[in-house]
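Working notes, structure below.
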Amino acid sequence: IKAKGKIKVYSGGYEIQEPLEYAENGTYQRYQGYEQLNTSASDVLTSAKYEWKQIALHVTASGRELRMNSGKEAMMNLVKARKNNAMHTAANNMSVDVYSDGSLSNQIGGLSNLLQTNGQGTVGGIDASAFTFWRNQFREMTGTNTAASPSAANAATMKADMNALWLSTVRGKDKPNLIVATHDLYSLYELGEQQLQRYSDGELAKAGFETIKYKSADMVFDDNTNFGTTDEKAYFLNTDYLYLVQHKEAQWTADDEKTPVNQDAVVIPMYWMGNMITTNRARQGILFDAA
């Protein structure tokens, strides 16, 4: 998302409102001569609305630590170390939230919210049961997935399921460019491709992800996809329609240093405010193997 410039900065608003990119113009019409043309409005809904979510993080130092590091160089090292730790903490926890269903208190709506295993749900204020264009694509892998009869998936059946899901997400030049898989699904696909040449994306490698190719998309494993779930999933993502929105005044922005009245310490709050959004669910897909 960062590499594709899909982090948006908003200056305010009661909620995050984003125009949809879900359908072609409904007034496309073949006609002859003086035949009456269709000039009616083609959009039923024009935007999705997402709530602002807030996160706070605090960089702290006791008076003892400050006095022990009172020299200029020592203080700079202390501040740098604490800030780096805070940003690593922010990145690790945000990585969990990006895959979440938003069920925790004040949590952003991550991929498990934006893409659901039945394609339904109310996302961005739009009920997919009422508006079919807002349903994401989905496919359950081969097998009955019960204790008595576990999933019959193997490398061959998985590829067949992936092919079917892929086709449902493609429209013209629009197609998934990133597949993020849980441990077992990534391993199963990799096993089936072991005898073939595999390609790695240099930019994703720099970000710490080992990638293999599925068609034109990069496929990566991220441990956080398994967070809080026993289901195995692979998200087929068209990142042209995925965004991380944040407020311009809360982008892990540091507030003024504060001194507690009952502690010998200083506290520097850092704030983030935003949400993860999509403008086109129909171009996204989820392959899953229910536990």
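Take every Cα pair under 8 Å in segment 1-115 that's 6+ residues apart, average their separations, divide by the length, and report that relative contact order as a whole percent.
Once divided by the residue count of segment 1-115, the mean separation gives 18 percent.
Treating the angle as unsigned and between 0 and 90°, give the value, to the nearest 10°, between the Cα long axis of helix 155-169 and the longest Cα principal axis of the chain.
Here the helix axis deviates by roughly 80 degrees.
Per residue of segment 214-220, in order, report the coupling 6.51 cos²θ - 1.76 cosθ + 1.60 (Karplus, θ = phi - 60°) as ³J(HN,Hα) in whole Hz, putting x for Gly and Pro.
Ordered by residue, 3J(HN,Hα) equals 10, 6, 9, 9, 8, 10, 10 Hz.
List the pairs from 4/213; 53/175; 8/258; 2/248 whose alpha-carbon separation is above 27 Å, in the order I gave them.
53/175; 8/258
Please compute the net charge surrounding residue 158, taking Lys and Arg as +1 and Asp and Glu as -1 over other residues with Cβ under 13 Å from its Cβ.
It works out to a net charge of -4.
Tell me what the chain gives for mean residue ellipticity at 222 nm when only DSSP H runs of n ≥ 4 count, each as -39,500 (n - 2.57), the sum divided by the residue total, rounded to 500 deg cm²/dmol.
That comes out to -7000 deg cm²/dmol.
Shape call for the chain from the C-alpha gyration tensor, a ≥ b ≥ c root eigenvalues: rounded (a/c under 1.5), prolate (a/b greater than b/c) or oblate?
The shape class here is oblate.
Indicate the gyration tensor shape class of segment 213-291 (rounded, prolate or oblate), computed on the Cα atoms with a ≥ b ≥ c the square roots of the eigenvalues: a/c under 1.5 is rounded; otherwise a/b larger than b/c is prolate and the rest oblate.
prolate
At a Förster distance of 22 Å, what's the computed FRET efficiency of residue 130 paired with residue 28, Cβ-Cβ distance as r, to 0.05?
Using R0 = 22 Å, I get an efficiency of 0.35.
What is the helix-to-structure angle for 72-98, meaning the angle in degrees between its Cα long axis and the longest Cα principal axis of the chain, kept from 0 to 90 and rounded to the nearest 10?
30
Can you give the net charge of the other residues whose Cβ lies under 12 Å from the Cβ of residue 48, counting K and R as +1 and D and E as -1?
Result for the neighbourhood of residue 48: -3.
The numbers here are math on the coordinates, done by the rules we state, and not lab data. As the structure is a prediction and not an experimental result, all values here were calculated from the model. Please note: Cβ atoms are built from the backbone with ideal geometry, for glycine as well, and neighbour counts cover all protein chains shown.
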